[in-house]
Amino acid sequence: MQAPQSTVDPSEIAKFEAMAAEWWDPTGKFKPLHMLNPCRLDYITQQIAGEFDRDLSSDAPFAGLRLLDIGCGGGLLSEPMARLGADVVGADAAAGNIPVAQIHAEQSGLSIDYRHTTAEALAEAGEQFDVVLNMEVVEHVADPLSYLTATQQLLKPGGLQICSTINRNPKSYAMAIFGAEVVMRWLPRGTHEWSKFITPDELFDLLSKAGLTPVDRKGFVFNPIFWSWSLSDRDLSVNYVTASTKPA
Amino acid sequence: MDNPKDRGILRGMKNTSDILIVGGGLNGPALALALAQTGHTVTLIDALPRDARAREDFDGRSYALALASQKLIDQIGVWGAVAGQAQPMLEIKVTDGRAGQGPSPFFMHFDHAEIEEGPMGYMIEDRYLRRALRDAMEAEPAITLVDEQTVIAQDADATGVTVTLARGDSLRGRLLVGADGRRSGTAERAGIKRTGWDYGQTALVCAIEHDRPHNGIAHQFFMPPGPLAILPLPGNRSSIVWSERSDRAAAIQSLDEESYLSILRPRFGDFMGDIRLAGDRFTYPLNLTLANAFVAERLALVGDAAHGVHPIAGQGLNAGLRDVGALAEVLTEARRRGEDIASSLVLDRYQQWRRFDTASLAAATDAFNRLFSNDNPLLRLGRDIGMGVVGAIPGLRQTFIREAAGLTGDLPRLLQGRPI
């Protein structure tokens, strides 16, 4: 199988390679995402394996599943999904991320269909997926309900959506905005707008209104002693993740 | 192996296997088996010919497998083949003694009956363990064996690592593992420097037959020239590990059998009756060597390649098997998440897990040896009292027993007897 034709202007390749290196540098600008990634992947892989009855110990367990990664960035989730055998489309509204992700996937020997587009545009075009990854996006959109409705339309009946975001309370403000943006400078200031944060109950409500059936939710909890993240059944106070299905 | 299911995966130069392991000793094969069981393909490159790993006769070498190590050997499917030849260690007696004198009145006695898990470990002869690991690898379709070949070059890039063999051809994988011992060429080629020092001591190792039974008791005598360990083998046989200043050790090793025994006998005492040699004699210079990093680009080190410790407490192989359990667990979890198993993020998890444990083991064994290899009467009194105190407090004693059985610390699942 051939890699998708790269549409990157050759004169820009060096710049994009540098940006790809930055995206994938575990100690660099995207360090918080790299730290969170194993925990996110644990949740995503277990939910997909459960929903589609796949054995994660087998070779290419997600073979035959068409998967959309919304807000794919440098491909931190798209690449693992492709490595597990899924047929992956990575979409990002920021045009600059697409060649960066393409270059890294080629370096990694992976074939991923990266596109500069939005969930709404893909839904309009009638694209359908078994799995939609909607990670850390909903807190950035202007109209969450119409956005989530588009992500619902992108799912085949019986499909699975994983959606993660940030809770809205004083603790999440302290952790996400004051902690991550101001103190640690992990993220550029202004990355988050606190008023757009959504509580788990509100998200479940929005997902239901968008036509999905929420089935599970868990917290991503940061442990400052071990400097790592873990999944929690009870603590959804800052970062959390949900799974919902589209009725068959 | 072209898998039609790997639709999202492009292959450039085809991988020989997911993982290439250099070193056919004990840790390399144990890791190969653990990884093959969790869905990885493995190629193991051994510098020695096949026959050297499968000899039938007893050469006198044996290992003290801690209970946790035995659990790993069981989990990788090899214990059944060696269980009949293993001697359980039921008790450990640690005594401070001087040649020609009886042991001091203070000694530590550890009995497996004080912990729930069973014996503290097993003595197993090298020939049986090596053979069983070899047989298990040959029966495993996911493992490819390359015998009698050395690696002359290795080159890591964005998607994998290419290894060039002395015979001229190349192998390619996603990750390279150096299990090639304390002078690891794999580590050296990756530019990993080592820290270490020589103790000026050499371990003399042999197996003996004795008239009386050992009752499954392991003895450790601390003597001024260095420690003497008597470890029970099946039948009326024991493995002896005996440390001396290197110049004296060389002189002793060059003696004929009878003279060698005449030096050993007075240290040994007569509690097991008369003794005879039951295999070859070996010497191992005692030095400590720690790799400054356990991982590099697409590379991980296990066993002595990462950390060669003073074999005073028989912890070399046991520490190596902890590496094996930790690396297999980290790589398998990464694989199930779809991560690049050789990315620095993944390899750093292994390094963080193992470096703390290893540094503390190296420091403890070193301090232990310095303390017990000293004939200063004050130090001697101090350690006698110390041993008496440890021996008298049941809780502390249980901690020591569990430590000796390898059951403490952040144990990889295979060493807890659980699958990954």
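The values are calculated or read from the model by the stated rules, or taken from the named source; none is laboratory data. Nothing here was measured: the structure is a model prediction, and the numbers come from that model. Here Cβ is always computed from backbone atoms with ideal geometry, including for glycine, and neighbour counts include all displayed protein chains.
Results, tabulated for the structure shown:
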item	result
2 or more residues modelled with pLDDT of 95 or more, buried (at least 23 other Cβ atoms within 10 Å of the Cβ) and within 12 Å of chain B (Cβ to nearest Cβ): qualifying helices (runs of 4 or more DSSP H) within the stretch A:58-166	A:78-83
Single residue of B:Gly77, B:Gly100 found to be on the phi > 0 side of the Ramachandran plot and either modelled with pLDDT under 85 or of a type in the set (Lys, Arg) (or both)	B:Gly100
So A:Phe197, is it within 17 Å of the chain's Cα centre (by Cα) and modelled with pLDDT under 95	yes
The lone exception for B:Leu171 - which of (1) farther than 23 Å from B:Gly279 by Cβ; (2) at pLDDT below 90; (3) assigned to a strand (DSSP E or B) it fails	(2)
Scope the stretch A:202-229; condition in contact with a helix residue (DSSP H, G or I) (Cβ under 6 Å, 6 or more places away or on another chain) and over 15 Å from A:Thr149 (Cβ atoms); matching residues	A:Arg217, A:Phe220, A:Trp229
Those residues of the stretch B:238-294 which are among the acidic types (Asp, Glu) and either modelled with pLDDT of 90 or more or over 20 Å from B:Met223 (Cα atoms) (or both), in sequence order	B:Asp247, B:Asp256, B:Glu257, B:Glu258, B:Asp274, B:Asp280
Residue selected from the stretch B:243-269 under the condition more than 26 Å from the chain's Cα centre (by Cα) and among the hydroxyl-bearing types (Ser, Thr, Tyr), by the criterion farthest from B:His210 (Cα to Cα)	B:Ser254
Given (1) modelled with pLDDT of 95 or more; (2) more than 26 Å from A:Tyr147 (Cβ to Cβ); (3) surrounded by fewer than 23 Cβ atoms within 10 Å (Cβ to Cβ); (4) at the interface with chain B (Cβ under 9 Å from one of its Cβ atoms), index of the condition A:Asp53 fails	(4)
Some residue of the stretch B:296-306 being within 14 Å of chain A (Cβ to nearest Cβ) and either at pLDDT 70 or above or within 30 Å of A:Val88 (Cβ to Cβ) (or both)	yes
Residue in the stretch A:26-46 that is facing another protein chain (nearest Cβ under 9 Å), surrounded by 21 or more Cβ atoms within 10 Å (Cβ to Cβ), in contact (Cβ under 8 Å) with a residue 40 or more places away in the chain and assigned to a loop (DSSP other than H, G, I, E, B) present	no
Flag if A:Gly74 is within 16 Å of the chain's Cα centre (by Cα) and under 19 Å from B:Arg337 (Cα atoms)	yes
Some residue of the stretch B:326-345 being away from chain A (no Cβ under 14 Å), surrounded by 22 or more Cβ atoms within 10 Å (Cβ to Cβ) and in contact with a strand residue (DSSP E or B) (Cβ under 8 Å, 6 or more places away or on another chain)	yes
Restricting the stretch B:127-156 to residues that are acidic (Asp, Glu), under 18 Å from B:Pro49 (Cβ atoms) and not in a loop (DSSP other than H, G, I, E, B), the residue that is nearest to the chain's Cα centre (by Cα)	B:Asp135
